[in-house]
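Please treat every number below as a calculation from the coordinates, not as lab data. Computed from a predicted model, the values in this text were never measured in an experiment. With ideal geometry, Cβ positions are generated from the backbone for all residues, glycine too; neighbour counts draw on all protein chains shown.
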Amino acid sequence: DDPRAERPRSVPLSELNREQRFAVSQLLAVYRAWTRNQFDAAGDQPDPAPEPIHQIIYGPGGVGKSEVLKALCDYVDTDLSKRRAQATANGATIQGALELTSSDLVKVAAPTGKAAVAVGGETLDSLLSLQFGDDKSEEFKDLAQGGRALVRLQTKFANCLFFFIDEAGMVDAE
């Protein structure tokens, strides 16, 4: 039931244009810092967490914005798969961070179902576990008071490194 299971593979990194490669390189720097902390520290002091990236990738339809997302997810899945294979070959048990995939580390949402399907994500309200409608005040009150809604959200985002909102311009300010 992976929301990205139907997402087509990306083009190779070398085939991305200059702007796409730059965006992917910024994202991969964060991922590589995370992997150093998770796998390469070997009991040493982990590196400090990387600074958050607040990046907007914009342009008209068809210029390849979603290729940045696909390239990141493909890289993450390939890297983690190689790490699992190496751990298995060394007789290690696959657990903890090795159990993760890009679906755990990369959350993708869009304001509408059609837009979400196009990027292999979920609608914003589904991903954020929010029910919008007439009685939305109770859901937000539960979040603000640290109730079940907040716990669900924290659990869903526990391993999230990247949060993409596609078609952000369609998000209603309300």
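Under 1.5 on a/c is rounded, so check that first for region 10-114, then, if it is not, pick prolate when a/b is larger than b/c and oblate when it is not; a ≥ b ≥ c are the square roots of the alpha carbon gyration tensor eigenvalues.
The shape class here is prolate.
Which of the chymotrypsin sites (Phe, Trp or Tyr not before Pro) across region 35-127 are loop residues per DSSP, with 10 or fewer other Cβ within 10 Å?
TYR58
What do you get for Rg/Rh over region 75-118 if you use C-alpha atoms and the Kirkwood form of Rh?
1.20
Please give every one of the lysines within straight-line cross-link reach of LYS70, meaning a C-alpha to C-alpha distance under 16 Å, and leave out same-chain neighbours fewer than 8 residues apart.
LYS107
In a shell of Cβ-Cβ distance under 13 Å around PHE163, excluding PHE163 itself, what net charge do Lys and Arg (+1) and Asp and Glu (-1) give?
Numbers: positive: LYS107, LYS156; negative: ASP104, GLU122, ASP166.
Computed value for this residue: -1.
What distance in nm lies between label points placed 7 Å from Cα along the C-beta direction at ARG84 and VAL151?
Label at ARG84, label at VAL151, 2.9 nm between them.
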